[in-house]
Structure formats: structure tokens, C-alpha cells
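Bear in mind that the values in this text are calculations on the coordinates, not laboratory data. These figures come from a predicted structure and were not determined experimentally. Note: ideal-geometry Cβ built from the backbone for every residue, glycine included; neighbour counts use all protein chains shown.
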Amino acid sequence: MTSSYAAYEVEQLYRDYKPLLISIAYRMLGSMSEAEDVVQDVFVTVSKLDGIGIEHPKAYLVKLLTNRVLNVMKSAPRQRESYPGEWLPEPVSDSEPESSPLDNVIQHEQLGYALLVLLQTCTPPERAVFVLRESFGYEYAEIAAMLDKSEAACRKIFSRASAKVGHASVTESKESLDESMSQFVQSFSQAIYTGRLENFIHLLTDDAVMITDGGGIVRSALNPIYGAERIAAFIEGIARKGAFEGTWKHVSVSGQQGILLVRDNKPVKVYLFEPDEDTKLIRAVYVISNPEKLTRIHE
């Protein structure tokens with residue numbers, strides 16, 4: 001190659017690996033828009049390569065992507081400090097054209113959206129190692145090469161991330177988790193339609209938390225709401241103000257079941273749940289109503 005990585009070769013790499021790269025970046029960042037920007041940056045870099053052949057393009061691209069994502073993640077805390085209220089990851093419909101083929105490369109990720117939230121408690125390296133290992137099944141030797149670390153260091157990083165995330169992602173079967181999620185969604189649906197919250201509230205652990213993200217655009221609780229009783233009081237309060245008026249639909253979002261409120265054919269808010277591994281109850285309720293984060297949600 002004499003001038004730059006041939007355009008047709010870059011286009012082929014783009015077609016072959018864009019879905020994988022977006023999936024990895026999205027799971028690390030929790031933002032599809034940021035993931036797309038990073039992937040675009042990776043291919044711009046590749047297109048400028050001068051006289052360099054890529055012997056193992058997949059490994060090269062994932063390494064390049066991971067390092068770009070780490071840089072983005074390091075700046076994220078400063079951005080989140082100025083975010084109005086609580087920040088939650090951007091939910092994406094599982095039928096999103098760019099992401100649907102990715103189911104074939106995910107090894108055994110089970111918690112879906114709840115996992116994206118839990119990963120926010122990890123440091124950037126912890127998030128990177130956990131996603132590459134747990135969601136995509138990379139070997140420690142491969143991860144070590146991507147991050148320029150030793151295998152032993154990567155094992156320790158994964159162990160720390162696992163401790164923060166918890167073990168539900170690896171110890172429960174996906175069928176069991178799907179069954180729990182289905183029960184949560186059905187119970188919440190019945191509570192909305194009947195106005196009786198008792199059965200749903202009984203599914204909450206005593207120390208459950210509700211986190212709402214309106215992004216300062218839509219009215220929402222600025223701080224987490226702790227405890228089943230306080231969550232019930234909050235839901236009853238907003239129900240009286242008409243917050244649940246509209247059409248509710250069951251949806252599959254970011255790898256798990258949830259429930260979507262639609263008004264005037266537009267998504268208004270999504271409710272998603274995190275199960276407690278020991279009790280099989282709900283330990284967290286996530287409510288995303290920031291319209292800027294609902295652009296990739298559809299029925």
C-alpha cells in the first residue's frame with residue numbers, strides 16, 4: 001500500500017465490524033450517540049493509515065476502539081457532575097437495526113439495561129475489562145493485549161468489577177431472569193391499569209431504590225427514592241397528577257423487558273427493573289423520561 005489504507009478495504013471493515021464495535025462501545029459508555037461517535041472516529045483513523053497492513057483487523061479495531069472509549073469514559077464524570085439530577089444510560093430498542101445482529105456475539109450477558117446501570121459504578125478500566133470478558137467472551141490474553149496490561153492485572157480488574165456489579169449477571173440463568181422481568185413488567189402494568197399498587201409494591205425489596213432521569217427537560221425526582229414505601233408514595237403522587245395517562249406497551253430494551261408509555265405516538269418514559277438475586281424481588285426501578293434519551297425507543 002503506497003498512500004493510505006484502500007478506501008474499499010475500509011468500507012469492507014466498516015460493514016464487517018461496525019455492529020460489533022458499536023455494541024462494545026455502547027455497553028461500556030451507556031450512550032449510543034457517544035458509541036457511534038467513537039466508532040466513527042476509529043474508522044476515520046483507519047482510513048488515514050499510511051502503508052500499514054492490518055493482519056488481524058478485528059483485534060486491531062477492538063483495541064483501537066477500547067482505547068478511544070477509555071478516553072471518553074475518563075471525561076464522563078466531569079460531564080455527569082453538571083447533569084441535572086440522576087444520569088441513567090440511554091435505552092435502545094432491541095430491534096434497532098444497527099444492534100440486532102449483535103445478539104450473535106454476546107456470550108452470556110443477562111441483566112441487559114440493569115447491567116449498564118451497574119457498570120457506571122466501575123472505573124473505566126474495570127468497565128472495559130468486564131464488558132470484553134463478560135459480554136463478549138474475550139480471553140484474558142486478548143484483553144491484556146488490547147489494554148497493554150498483564151493477564152494477571154486484567155484478572156484482578158475483572159474481579160474488582162464483578163464485586164461492584166454483583167454476581168446476578170453470571171449465576172442466574174437467563175430464563176430465570178427473563179421470567180422475573182416478565183413478572184415485574186406484568187405486575188407494574190396491572191398496577192397502572194387498576195390503580196392498585198399493592199401487588200407491585202410487594203415485589204419491591206424493603207431497601208429498593210427508584211432512580212429517575214428527566215435530564216432537566218422533563219420533571220423528575222432529582223435524587224434517588226429509597227424504600228418500598230417511599231417509592232409507592234411517589235408513584236401514587238405522580239399518578240394523581242396524570243403522569244401515567246397514555247398508552248402503555250411492553251418493550252424489549254437494551255437486552256431486557258420493560259414497559260413504555262406512549263403519548264401522541266411518541267415515547268414518553270420507560271420503566272425498567274433490576275432484580276435482587278437472593279430474594280427474586282425488585283431492588284431497583286429505573287425511569288428514563290429524558291426525551292433526548294428516548295430517540296432510539298420504538299414499539
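Structure remark: mean-square fluctuation, Gaussian network model of the chain, C-alpha springs under 10 Å; the largest value among R27, R15, R283 belongs to R15.
Within the listed set E86, E142, E11, the residue fluctuating most in the Gaussian network model of the chain (springs between alpha-carbon atoms under 10 angstrom) is E11.
Pairs exceeding a 29 Å alpha-carbon distance, out of K149/K293; K164/K249; K241/K266; K149/K280; K18/K280; K164/K280: K149/K293; K164/K249; K149/K280; K18/K280. With neighbours defined as other Cβ atoms within 10 Å of a residue's Cβ, the residues L203, L222 order from fewest to most as L222, L203.
Cα convex hull, region 111-169: 67 Å³ per residue, rounded to a whole number.
Of the listed peptides 263-271, 62-70, 77-85, what is their order by residue-averaged count of other C-beta atoms within 10 Å, with the highest listed first?
62-70, 263-271, 77-85
Arranged from fewest to most other beta-carbon atoms within 10 Å of their beta carbon, I297, I288 become I297, I288. Residue order for Y138, Y193, fewest other beta carbons within 10 angstrom first, comes to Y193, Y138. GNM remark for the chain: springs join alpha carbons under 10 Å apart, and the peak mean-square fluctuation among S75, S33, S23 falls on S75. Once the Cα-Cα distance is subtracted from the 0.36 nm per residue extended length, the E236 to H56 segment shows a gain of 59.2 nm.
Test of understanding: what is the full-extension gain from T121 to A145, defined as 0.36 nm times their sequence separation minus their Cα-Cα distance?
Numbers: separation 24, 0.36 × 24 = 8.64 nm, distance 2.45 nm.
This chain segment gains 6.2 nm when fully extended.
Each label point was placed 7 Å from the Cα along the Cα-to-Cβ direction; for T194 and T295 their separation is 4.0 nm. If R0 equals 45 Å, the separation of the Cβ atoms of S47 and A153 corresponds to a calculated FRET efficiency of about 0.90.
About its Cα centre, the dipole of region 111-169 is roughly 220 debye, where the only charges are +1 on Lys and Arg Cβ and -1 on Asp and Glu Cβ. Rounded to the nearest 20 debye, the dipole size of the chain about its Cα centre is 660 debye, using +1 on the Cβ of Lys and Arg and -1 on the Cβ of Asp and Glu. Here the 3J(HN,Hα) profile of region 144-159, calculated from phi with Karplus coefficients 6.51, -1.76 and 1.60 at θ = phi - 60°, is 4, 5, 5, 9, 6, 10, 7, 4, 4, 5, 5, 5, 5, 4, 4, 4 Hz, Gly and Pro shown as x.
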